[in-house]
Amino acid sequence: MAMLPQLYTINGIATETDRDRRAVAKMLADVPPDGQVGKSPAWRLRTFLSAAERDRRLSQAGTDELALNELERAANRTQQGLDTLRAEPSIECRRELVRSGLGAVIGELDRAFARAEAGRSAEARLVTRPFIDQVIGTAITELFELCRWRLGEEANSARLAQRNCKRV
């Protein structure tokens, strides 16, 4: 005997898929029922699974949008920070600006990139990681050049800079 697709109510789907009944109802809100069980609307399991996948993609798109907005804000803060350093004529004052928190914007940018990449496949991350590393590396290089720092150099001039520079 051939198996026929079974119809499930919202409560039945919630039970079978171990999901909250309200979440199931929300996913099926705009999906026409495949039939009825008693007086209740009912759906085939494959209809629900399609609706659940669509809901997951929409949720992921919303997450992607938030991550991209955060990435854009972090990139703007990094650009503004570097612009502030470029505008400062004193190297010691540039160094003090970086020490007082301006340098942290590059770390924020790196974390924003990581959050934007989190939902992507490993293959997609392999493609974009070199670009991200180049962007972060370029920002760090410019920061070091503007402050005339070399890797391994000690910042013994911190106290002098604190006395001679205004805090932002």
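The table that follows gives values for the structure above.
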item: Sequence-separation-based contact order of segment 7-53, relative, with Cα cut under 8 Å and 6+ spacing, percent; result: 45
item: Per-residue [θ]222 nm for the chain (sum of -39500 (n - 2.57) over DSSP H runs n ≥ 4, rounded to 500); result: -22000 deg cm²/dmol
item: Rounded tilt (10° steps) of 45-87 against the dominant C-alpha axis of the chain; result: 10
item: Neighbourhood charge, 15 Å Cβ-Cβ cut-off, centred on Met3 and excluding it, Lys, Arg +1 and Asp, Glu -1; result: +2
item: Inter-centroid distance (Cα atoms) of segment 125-140 relative to segment 1-29, Å; result: 44
item: Size of electric dipole in segment 7-53: Cβ of Lys, Arg +1 and of Asp, Glu -1, about Cα centre, debye, nearest 20; result: 140
item: Counted charge near Glu123, where neighbours are those whose Cβ lies closer than 15 Å (Asp, Glu -1; Lys, Arg +1); result: +2
item: Angle in degrees between helix 122-146 and the longest Cα principal axis of the chain, rounded to the nearest 10; result: 20
item: For peptides 133-142, 30-39, 90-99, sequence by mean Cβ density within 10 Å, most packed first; result: 90-99, 133-142, 30-39
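Computed from the coordinates by the stated procedures, all read-outs in this text should not be read as laboratory data. No experiment lies behind these values; they were computed from the predicted model shown. With ideal geometry, Cβ positions are generated from the backbone for all residues, glycine too; neighbour counts draw on all protein chains shown.
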